[in-house]
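Report on the following structure.
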């Protein structure tokens, strides 16, 4: 928590473009996350979707950060950390992929 009303969230996503072409897409987090993730992950959608661009064959860690107003959310997380996979949705135009 930055203060009583604002939660700061960060997520590092390692991504790789296997195509030789540049790609641009957006990232969102699952709204109904599996119970092991709880509401922490979907809170990141308050500032999303997040735009990402990868050059052909590029690998990089994309850092997503958001300061989220939680003043109107009754039961919100005050903090925490997760490691491992995070449920995300990648969208490009009409196409989407759930990971």
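The values are calculated or read from the model by the stated rules, or taken from the named source; none is laboratory data. Predicted, not measured: the structure shown is a model, and the values here were computed from it. Every residue, glycine as well, gets a Cβ built from its backbone with ideal geometry; the counts of neighbours run over all protein chains shown.
Which condition number does residue 9 fail, the rest of (1) at pLDDT below 90; (2) assigned to a loop (DSSP other than H, G, I, E, B) being met? Just one mismatch for residue 9, condition (2). Within segment 1-28, no residue that is without any contact (Cβ under 8 Å) to a residue 24 or more places away in the chain sits with its Cβ atom under 8 Å from a residue that is assigned to a strand (DSSP E or B) and surrounded by fewer than 12 Cβ atoms within 10 Å (Cβ to Cβ) at 6+ positions apart or across chains.
In segment 9-22, which residues are surrounded by 14 or more Cβ atoms within 10 Å (Cβ to Cβ) and out of contact with any helix residue (DSSP H, G or I) (no Cβ under 9 Å at 6 or more places or on another chain)?
13, 15, 17
Consider segment 23-49 and keep the residues that are surrounded by 12 or more Cβ atoms within 10 Å (Cβ to Cβ), assigned to a loop (DSSP other than H, G, I, E, B) and out of contact with any strand residue (DSSP E or B) (no Cβ under 6 Å at 6 or more places or on another chain). The one that is modelled with the lowest pLDDT is 33.
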